[in-house]
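Here is the structure we will look at.
A short reminder: the numbers here are calculations on the coordinates, not readings from a lab. This one's a predicted model, so the numbers in the text were calculated from it and none came from an experiment. Don't worry about glycine lacking a Cβ; one is built from the backbone with ideal geometry, like all the others, and counts go over all protein chains shown.
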Amino acid sequence: MILDAKIPDGPISEKWDNHRFSSKLVNPANKRKYKIIVVGSGLAGGAAAATLGELGYNVDCFCYQDTPRRAHSIAAQGGINAAKNYQNDGDSIHRLFYDTVKGGDFRSREANVHRLAQVSVNIIDQCVAQGVPFAREYGGLLANRSFGGAQVSRTFYARGQTGQQLLLGAYSALSRQIATGQVKMHTRCEMLDLVTVQGHAKGIITRNLANGDIKAWTADAVLLCTGGYGNAYYLSTNAVGCNVTAAFRAYRHGAGFANPCYTQIHPTCIPVSGDHQSKLTLMSESLRNDGRVWVPTNADDCSLNPNDIPEDDRDYYLERKYPSFGNLAPRDISSRSAKEACDDGRGVGSGGRGVYLDFSDAISRLGESTIRERYGNLFQMYERITGENAYQRPMRIYPAIHYTMGGLWVDYNLMTTIPGCFALGEANFSDHGANRLGASALMQGLSDGYFVIPYTIGDYLANAGAGSVSPDGPEVKVALDNVKQRLDALLSIDGKRTSRSYHKHLGQIMWEYAGMARNEKGLKKAIGEIQDLREDFHKNLQVPGSGESLNIELERAGRVRDFLQFGELLCRDALDRNESCGGHFREEYQTDDGEATRDDENFAHAAVWEFNGDEETPQRHVEDLQFDNVKLAVRSYK
Ligand SMILES: Cc1cc2nc3c(=O)[nH]c(=O)nc-3n(C[C@H](O)[C@H](O)[C@H](O)COP(=O)(O)OP(=O)(O)OC[C@H]3O[C@@H](n4cnc5c(N)ncnc54)[C@H](O)[C@@H]3O)c2cc1C
């Protein structure tokens, strides 16, 4: 596998402009000769499909929900970053670039991150023009708040519904293209395989989830905008349908999978309340602008009403340990600190797996109405789930799986190692290194979709020339047959155990051994247990019904089958990365006071996995990362 990142020459601030100028263009009249498949219609896919349609390409766009408006992006709450510097508090493109590289624990590609910071300012303009109702200051300018890992306020927001409003903006743009016929939208259609012809991505195979139809679609290029794989852990803040299938199928066809072990655990989620849950709920990081995190200093006080615990008996541990960033320490660091406090016996709530997020100071300083205005819907959501009123009593929160920094390896053009197959948004590995800063995922998805792919795909198409293959071609037929066989295999096992039960079991293994803290012994154990579970799955799975109609069990079984293979890859990656960085915390590599210890000499690289067949161990390749503009340093938020 050749990993050529295709980073343009020149100073970092000029790379993107130079690249755009030197990229080939497809002239307007020729664009209609090209067909592009976009899988996914969340922020990344919706933005890409709308923009490519507007440019004049013929686009087929797919999602498994019944409307693009239900993509998981809609769940995003807190905000989207941009280096507008409206606050005059010291922000700049370079500072956003610097914060992101440092926040990612020096494991991302500088050139991509700089482009992201540059493009961030255009995103806000475009979204405002679409009518996205961002919060405003009294003078009319857009308002900002702070997010973790930054000492400036650069996060734009629409109450606690930023993802929803941004998605409605992208959806409006997409709807216009659907109405003109430039984009054909295929809802309830799940991609089950990629079609490659002579090594190039030329199409996909889908199953219509409503009637079971299996169909092939061909095009000149395929864009995978299919989101992250956090649900490998079963319980996460992701929508229940989020899965790894599209990316994993591309991996099996030769797309390198980068850094699968980089998973983000978000510190502010509603704690697990029992065995019955199928998902967890995020309380946005924005709450840490005004909420203070603490646990009782004495373990004996954990069962008391928090309002009865005197100030002197509270440990505001983030403020104590990280005075410069305090409650806005980045996610990986805040999550580990919460775990540490709970491991110390000072956790609160059922099972002692919770810490307090307390708004009483902010309420006495600003008044309840201001807090209600800023976060009202989040407080309401919290009350619905826990039955507690967080205006009167601190919220209880605990870390949960939330986001995945790993994903399909892409070069500077967002192309995977399969020519013609691109990956955008959370599905790629590109910009966040080992830890994503809050409010940067929406920025990346929209950057990829609105501003990067329209240029880079033009260069690919202009070089490759028009020529999508026929849906009746031999390679397409083989791919179709393979998908049918795989579905039949799932339906014919006729065992006793549901795919949900396998998924839950996998999640327990992953959380136990590849969660907030990992070690060699545990990861080896996890790999063995996942292999056993997978073997059992293929002998004992039960999928009721048939493939010829709506069958939710069949859908789930297919996704769980891929998670069962992918989970092993994630653990392998975690095992081979003998260092701690960002969200990947190996217990063997830490300082005396529990901070992550990186090994820049041996691991300043992206690890990229190549599929070698079901019977072989995948091969690990590396893309060395160079830091010419940000000095490699120990990441400190103290
Ligand atoms: C609760 C929550 C809150 C968040 N809040 C923020 C925030 O405030 N700020 C921030 O920056 N980030 C936030 N994030 C992260 C952010 O929401 C996501 O990273 C981002 O929305 C992902 O967008 P995407 O377009 O890449 O993928 P998604 O929105 O997940 O879209 C994936 C699309 O792919 C389709 N798809 C997937 N697989 C297939 C298949 N096999 N066949 C066909 N279609 C398929 C789906 O139907 C969907 O349309 C949050 C995440 C969560 C979980």
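Results, tabulated for the structure shown:
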| read-out | value |
| --- | --- |
| Peptides ranked, highest mean first, by Cβ atoms within 10 Å: ranges 293-304, 214-225 | 214-225, 293-304 |
| Zone residues, segment 598-630, relative to ASN578, backbone N less than 17 Å from point 7 Å out along Cα-to-Cβ | 598-605, 607, 620-622 |
| C-alpha long axis of helix 474-492 to longest principal axis of the chain, angle in ° | 50 degrees |
| J(HN,Hα) series, segment 71-85, from Karplus relation 6.51 cos²θ - 1.76 cosθ + 1.60, nearest Hz, glycine and proline x | 4, 4, 3, 5, 7, 4, 10, x, x, 9, 7, 6, 8, 7, 6 |
| Ascending count of other beta-carbon atoms within 10 Å, so fewest first, for MET1, MET191 | MET1, MET191 |
| Placed amide H near ALA158: partners under 5 Å, 5+ positions off or other chain | ALA135 |
| Amide H partners (placed H, <5 Å) of LYS184, local residues excluded | VAL59, ASP60, CYS61 |
| Qualifying GluC sites (Glu not before Pro) in segment 548-579, DSSP loop, other Cβ atoms within 10 Å at most 15 | GLU548 |
| Ordering of 195-207, 117-129 by packing [mean C-beta count within 10 Å, highest first] | 195-207, 117-129 |
| Distance between segment 334-401 and segment 258-288 - C-alpha centres, whole angstrom | 14 Å |
| On Cα atoms only, tilt of 43-55 relative to the major axis of the chain in degrees | 40 degrees |
| Cα-projected label distance for THR67 with LYS631, points at 7 Å along beta-carbon direction, nm | 5.3 nm |
| Ellipticity estimate at 222 nm from DSSP helix runs (n ≥ 4, -39,500 (n - 2.57)) divided over the chain, nearest 500 | -11500 deg cm²/dmol |
| Fraction of the pair-distance distribution of segment 267-401 above 20 Å, Cα-Cα pairs, percent | 41 percent |
| ARG497 paired with GLU512, simple spin-label distance in nm, labels 7 Å along Cα-to-beta-carbon | 1.3 nm |
| Segment 339-408 - Rg (one decimal) and Dmax (whole number), Cα, Å | 14.8, 47 |
| Linear extension gain, ASN30 paired with ILE2, 0.36 nm per residue minus alpha-carbon span | 7.0 nm |
| Whichever lysines have a C-alpha closer than 19 Å to that of LYS24, once near sequence neighbours (fewer than 8 apart) are set aside | LYS6, LYS15, LYS33, LYS35 |
| Charge dipole magnitude, Cβ of K and R +1, D and E -1 - the chain, Cα centre, debye nearest 20 | 1700 debye |
| Loop sites in segment 248-315: trypsin sites (Lys or Arg not before Pro), DSSP, at most 16 other Cβ within 10 Å | LYS279 |
| More than 32 angstrom apart: percent of Cα pairs within the chain | 46 percent |
| Computed lengthening from ASP472 to SER22, 0.36 nm per intervening residue step minus Cα-Cα distance | 158.3 nm |
| ASN482-THR591 pseudo-label distance in nm [points 7 Å out on the Cα-to-Cβ vector] | 4.8 nm |
| FRET efficiency estimate (nearest 0.05) - Cβ-Cβ, HIS538 to GLN277, R0 35 angstrom | 0.85 |
| Using alpha-carbon coordinates, inclination of helix 93-103 to the longest axis of the chain, degrees | 80 degrees |
| Protection-proxy order for peptides 55-65, 381-391, each taking the mean of Cβ atoms within 10 Å per residue, highest first | 55-65, 381-391 |
| Amide H within-cut-off set for ARG314, under 5 Å, with H built and near neighbours excluded | THR297 |
| Surface/4 estimate of mean projected area, convex hull on alpha-carbon atoms of segment 474-603, nm² | 10.5 nm² |
| For segment 294-372, size of Cβ-based charge dipole, Lys and Arg +1, Asp and Glu -1, in debye | 440 debye |
| Within straight-line cross-link reach of LYS504, lysines at Cα separation under 21 Å, skipping those fewer than 8 residues along the same chain | LYS279, LYS496, LYS524, LYS525, LYS539 |
